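Undergrad: First, the structure itself, so that you have it in front of you.
The values are calculated or read from the model by the stated rules, or taken from the named source; none is laboratory data. Computed from a predicted structure; not experimentally measured. So basically every Cβ, Gly included, is an ideal-geometry build from the backbone, and we count neighbours across all protein chains shown.
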Amino acid sequence: MQFGMPTLIENRTLQENIDLCSSLGLNFIELNMNFPEYQVECLEQIDHLTEPAKKAGIYYTIHLDENLNIADFNHLVTDAYLETKTIEALKKSVKWLNK
């Protein structure tokens, strides 16, 4: 079993969260897509996420935006959420994790 922590808003940067995670001996940080710094545009720039994680020996999980509803009965709503590129950004993240 592995243990991690959520992204803490008390920490101003990702690096502060990484440092805390490492100092506590945890394995991962849950990046919360409800926070501005973890929107799709930021997650697509994966190098700024992967390098610090590799150095610290941790990984990330993704907490999807609570509003993301790709299974809505209204196909227009589903299509709009799929157009946000969230799924594509997560695919890149998964490829990194599987290396």
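Undergrad: Do you know which of the residues in region 1-25 that are of a type in the set (S, T, N, Q) and without any contact (Cβ under 8 Å) to a residue 24 or more places away in the chain is surrounded by the most Cβ atoms within 10 Å (Cβ to Cβ)? So that I can check it myself, show each step before the final result.
TA: Going residue by residue through region 1-25, those that are of a type in the set (S, T, N, Q) are 2, 7, 11, 13, 15, 17, 22-23.
This time we only want the ones that are without any contact (Cβ under 8 Å) to a residue 24 or more places away in the chain, so: 11, 13, 17, 23.
Working: Asn11: 15, Thr13: 10, Asn17: 24, Ser23: 9.
Here the residue is Asn17.
Undergrad: Related question: Cβ contacts < 7 Å: first residue over 17 Å from Glu88 (Cα atoms) and in a helix (DSSP H, G or I), restricted to region 26-52; second residue modelled with pLDDT of 85 or more and among the β-branched types (Val, Ile, Thr), any location; separation 6+ or different chain. Result?
TA: These pairs meet every condition: Pro52/Ile18.
Undergrad: Across region 84-99, which residue is modelled with the lowest pLDDT among those that are exposed (fewer than 11 other Cβ atoms within 10 Å of the Cβ) and in a loop (DSSP other than H, G, I, E, B)?
TA: Only one residue tops the list, namely Asn98.
Undergrad: Residues of region 53-71 being surrounded by 13 or more Cβ atoms within 10 Å (Cβ to Cβ), at pLDDT 80 or above and either touching a Gly at 6+ places or on another chain (Cβ under 6 Å) or outside any helix (DSSP H, G or I) (or both), which ones? I'd like the intermediate steps shown before the answer.
TA: Filtering region 53-71 for residues surrounded by 13 or more Cβ atoms within 10 Å (Cβ to Cβ) gives 53, 56, 58-65, 68-70.
Add one more test, that the residue is at pLDDT 80 or above, and what stays is 53, 56, 58-63.
Ile58, Tyr59, Tyr60, Thr61, Ile62, His63 - these are the residues of region 53-71 that are surrounded by 13 or more Cβ atoms within 10 Å (Cβ to Cβ), at pLDDT 80 or above and either touching a Gly at 6+ places or on another chain (Cβ under 6 Å) or outside any helix (DSSP H, G or I) (or both).
Undergrad: Looking only at region 1-25, count how many residues are part of a loop (DSSP other than H, G, I, E, B), of a type in the set (A, V, I, L, M, F, W, C) and either touching a helix residue (DSSP H, G or I) at 6+ places or on another chain (Cβ under 7 Å) or over 13 Å from Ile58 (Cα atoms) (or both).
TA: 3
Undergrad: Right, next: Determine if region 37-52 includes at least one residue that is modelled with pLDDT of 95 or more and either surrounded by fewer than 14 Cβ atoms within 10 Å (Cβ to Cβ) or hydrophobic (A, V, I, L, M, F, W, C) (or both).
TA: No.
Undergrad: Is at least one residue of region 74-83 part of a helix (DSSP H, G or I) and of a type in the set (Ser, Thr, Tyr)?
TA: Yes; the residues of region 74-83 include at least one that is part of a helix (DSSP H, G or I) and of a type in the set (Ser, Thr, Tyr).
Undergrad: Now a separate question. Just name the residue that is nearest to Leu24 (Cα to Cα) out of those in region 54-63 that are in contact with a Phe, Trp or Tyr (Cβ under 6 Å, 6 or more places away or on another chain) and not aromatic (Phe, Trp, Tyr).
TA: Ile58
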